[in-house]
Amino acid sequence: MNASTFDGDMGTRAPVAAPHPTHKLRLLLKREFWEHKGGFFWAPLVAGGISLLLTIMAWIVAEVVARKAVADGQINIDNDIKINGLDLGVITGKMSPDDFHQLGQGIDFSLLTFAMWPMVVLAFVVFFYCLGALYDDRKDRSVLFWKSLPISDRDTVVSKALGALVVAPVIAIAAAMITILGFMAFISLVVLIHGGNPYTLLWGPGNPLSVLAHLLASIPVYAVWALPTVGWLMLCSAWARSKPFLWAVMIPVFAGIFVSWFDVMDLFNLESGWFWGHIVGRSLLSAVPGGWLTLLDVDHVQNPEQLGSLLDVGRSYAVFLKPEMWIGAVAGVAMLVGAIRLRRWRDDN
């Protein structure tokens with residue numbers, strides 16, 4: 001039976017269209033954002049702000065130390081370059097093209113390092129958000145209110161999963177972008193104070209736009225890669241009657257200990273390390289940004305020369321060609337389906 005409203009002129013009821021599913025999903029996503037604004041919004045911004053504050057403090061300390069060293073005669077310099085009031089313009093004139101290339105790599109390395117602050121916070125936010133996503137509603141009994149609304153368990157679980165897989169990463173990357181631009185603005189000011197040209201020394205050699213573009217392009221990769229962890233944590237959140245953190249961590253860890261102790265993986269001609277990496281690691285650590293690089297033989301960045309491989313968007317998207325990526329995604333979706341079914345009858349009465 002269609003919903004309707006009363007038409008005063010005709011004395012009849014005019015049919016009212018049901019709300020579009022995307023409108024309902026948008027409202028549910030807004031609910032998740034406002035209920036977890038501290039973790040989604042403020043936490044990555046604060047992390048980026050702390051990194052900028054530490055940079056400013058480090059610069060102040062370096063300036064004081066350099067001025068004191070010059071005053072004490074501990075630094076011998078020529079007549080062209082002055083440490084106390086460093087003339088960066090003179091340094092720029094003496095740099096070769098290879099020097100500028102190395103400088104650009106160092107700048108990009110620094111930008112990526114600063115971007116990691118909000119992204120590390122993202123991993124913690126997603127982990128604990130998923131753990132409490134369905135458990136908290138049962139704990140405070142608000143699940144009874146939400147189930148009284150025309151909102152299905154599927155819509156609820158999907159909106160929470162999208163909050164972890166899309167909303168939180170998008171906000172964290174926005175915070176990382178603000179952090180990067182704030183860092184570049186501050187360093188540009190330092191360069192100007194010391195007589196240099198920010199474009200020549202920073203914006204020209206560096207590739208801040210490439211770093212920002214790579215962060216944006218990594219959102220779909222993160223959403224698929226993090227599915228196993230999000231699915232497992234939400235399944236535990238829907239199932240556990242208490243202490244979902246202990247259940248979520250202990251089950252895979254003790255499973256790994258059992259497999260290692262009895263050499264279970266020998267039956268499949270595999271080492272125990274495979275189980276720890278592909279089962280335990282994927283179920284607990286896939287929310288960490290950049291974890292997919294382990295599939296591309298790029299475990300971490302050790303020096304600026306390796307940065308080019310990380311900023312190659314095509315290389316990052318090559319992870320979609322790996323079967324491990326899709327096997328984990330299917331497992332994550334299956335666990336989300338399990339969380340939906342559990343939420344239908346789990347009320348802890």
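Please treat every number below as a calculation from the coordinates, not as lab data. Here the structure is a predicted model, which is why all the values come from computation and not from measurement. Counting neighbours? That spans all protein chains shown, and the Cβs are built from the backbone with ideal geometry, glycine included.
Quick one: Cα centre-to-centre distance for region 219-279 and region 108-126, in angstrom?
Measuring centre to centre over Cα atoms gives 24 Å.
Pick out, from ASN197, ILE219, MET335, the residue whose Cα sits farthest towards the positive end of the charge dipole of region 37-345, with +1 on the Cβ of Lys and Arg and -1 on the Cβ of Asp and Glu.
Looking along the dipole axis, the top candidate is MET335.
Is there a pair in LYS30/LYS322; LYS160/LYS243; LYS24/LYS322; LYS37/LYS160 whose C-alpha atoms are over 23 Å apart, and which pairs would that be?
Result: LYS30/LYS322; LYS24/LYS322 exceed 23 Å.
Projected onto the charge dipole of region 37-345 (+1 at Lys/Arg Cβ, -1 at Asp/Glu Cβ, origin at the Cα centre), which of PRO169, VAL121, LEU149 gives the Cα projection farthest towards the positive end?
Farthest towards the positive end: LEU149.
Give, rounded to the nearest 20 debye, the magnitude of the charge dipole that region 37-345 has about its Cα centre when Lys and Arg contribute +1 at Cβ and Asp and Glu contribute -1 at Cβ.
Dipole size: approximately 1660 debye.
Count the net charge of all other residues whose Cβ sits under 12 Å from the Cβ of ARG26, scoring Lys and Arg as +1 and Asp and Glu as -1.
+1
With a bin width of 10 angstrom, please list the P(r) values of region 102-200 as percents of all Cα-Cα pairs, from the 0 bin to the one holding the largest distance.
13, 30, 22, 16, 11, 7, 1
As an exercise, take the mean of 1/r over every pair of distinct alpha carbons in region 37-345, invert it, and state the Kirkwood radius in angstroms.
Final number for the Kirkwood radius of region 37-345 is 22.2 Å.
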